[in-house]
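Report on the structure given below.
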Amino acid sequence: MFGINKVFNDGLPMILPPRDDAIFKKIMTSEETRPALKGLISAVVGYDISEILMVNSELPKSNYFEKGERFDVNCKTDTGEQINIEMQANPMTGDNSDNTHENFRSRIVLYLTDLFAKQDKQKVYSEYKKTYCVAFCDYTIWKDEQFIRKFYLTDENGIKLSDKICAIVIELDKIGKLIEKKNVAEMTATERWAFYLKCIDNPDYEKTFLELIEREEAFKVATNALTSISKNEQFIRKFYLTDENGIKLSDKICAIVIELDKIGKLIEKKNVAEM
């Protein structure tokens, strides 16, 4: 069994936080970890998902000037429902100066409506499939204790126009109070996943996670993948190239390193005059 509290020789923690979007995407998008993705989605939407099909994470543009959209995780269920999952470790640029988080909220609306609208236009409207945008945030948006919210199109009295589009926002930063009140057996499926994503890299909860992993195969699959990723030098460099507040210095440094690493094969094929 893995040891959450173990460290590498250079002092880096054994388990990297899945709240980093690149790490989260790596965990949830491989064929081997499909049980983890199904478990997570089933917990969040509230019903069992039997099959998941991964879909291109980039939506096609209507024209050259249209802003591109790239999802962390984009998939469909066996019955056609569309599900986009986003992991947001820090407030978006421009959202730090106020408490409205308008950039974040607007992006969720954009992703949700665009994904719904890009279905087959030949369909009868009633045949359009339900579309979800699920966003995990490792910070607080609403100043209360409620950690999960589901948004639909409703009027001022709460009457739904349609449930075909649904935005689900989960504030991981609020899960601490839940941990104090419940054990694993008392948590709902959504609470267990929120607890997992928020605290799996915290060695103080190792015994609790051992119980969780024994209880559900999906968590065991996710943890095996996360342990493997945590030993990957590329992810370690990427994650730790941040300041004390978790703000990334630049993604360009990683990109430059990767490109320079390819120069060996180029040298083998060309002389200086051909370069």
Number of the exception - Lys160 against (1) in contact with a Phe, Trp or Tyr (Cβ under 6 Å, 6 or more places away or on another chain); (2) charged (D, E, K, R); (3) under 20 Å from Arg107 (Cα atoms): (3)
Selection from region 151-188 of residues that are over 17 Å from the mean Cα position of the chain (by Cα), of a type in the set (Val, Ile, Thr) and assigned to a helix (DSSP H, G or I): Ile179, Val184
Condition met for Lys129 (touching a Gly at 6+ places or on another chain (Cβ under 6 Å) and closer than 26 Å to Trp193 by Cβ): yes
Residue in region 74-88 that is part of a loop (DSSP other than H, G, I, E, B), surrounded by 14 or more Cβ atoms within 10 Å (Cβ to Cβ) and in contact with a Gly (Cβ under 6 Å, 6 or more places away or on another chain) present: no
Residue in region 14-28 that is more than 23 Å from Tyr196 (Cα to Cα), at pLDDT 90 or above and surrounded by 16 or more Cβ atoms within 10 Å (Cβ to Cβ) present: no
Residue tally, condition acidic (Asp, Glu) and either surrounded by 12 or more Cβ atoms within 10 Å (Cβ to Cβ) or under 15 Å from the mean Cα position of the chain (by Cα) (or both), over region 116-150: 1
Considering residues of region 98-145 that are in a loop (DSSP other than H, G, I, E, B) and of a type in the set (Val, Ile, Thr) only, the residue nearest to Cys166 (Cα to Cα): Ile141
Residue that is nearest to Leu53 (Cα to Cα), among those in region 16-33 that are outside any loop (DSSP other than H, G, I, E, B) and among the β-branched types (Val, Ile, Thr): Thr33
Qualifying positions in region 181-217 - surrounded by 21 or more Cβ atoms within 10 Å (Cβ to Cβ) and hydroxyl-bearing (Ser, Thr, Tyr): Tyr196
Any hit, region 99-115, residues being more than 27 Å from Phe195 (Cβ to Cβ), surrounded by 18 or more Cβ atoms within 10 Å (Cβ to Cβ) and touching a residue at least 40 places away in the same chain (Cβ under 8 Å): yes
Long-range neighbours under 9 Å by Cβ, at least six apart or interchain, first residue touching a residue at least 24 places away in the same chain (Cβ under 8 Å) within region 147-160, second part of a strand (DSSP E or B) and of a type outside the set (Gly, Ala, Ser): Phe147/Ile170; Phe147/Glu171; Ile148/Ile168; Ile148/Val169; Ile148/Ile170; Ile148/Glu171
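The values are calculated or read from the model by the stated rules, or taken from the named source; none is laboratory data. Note that the coordinates shown come from a computational prediction; the quantities given were computed from them, not determined experimentally. Every residue, glycine as well, gets a Cβ built from its backbone with ideal geometry; the counts of neighbours run over all protein chains shown.
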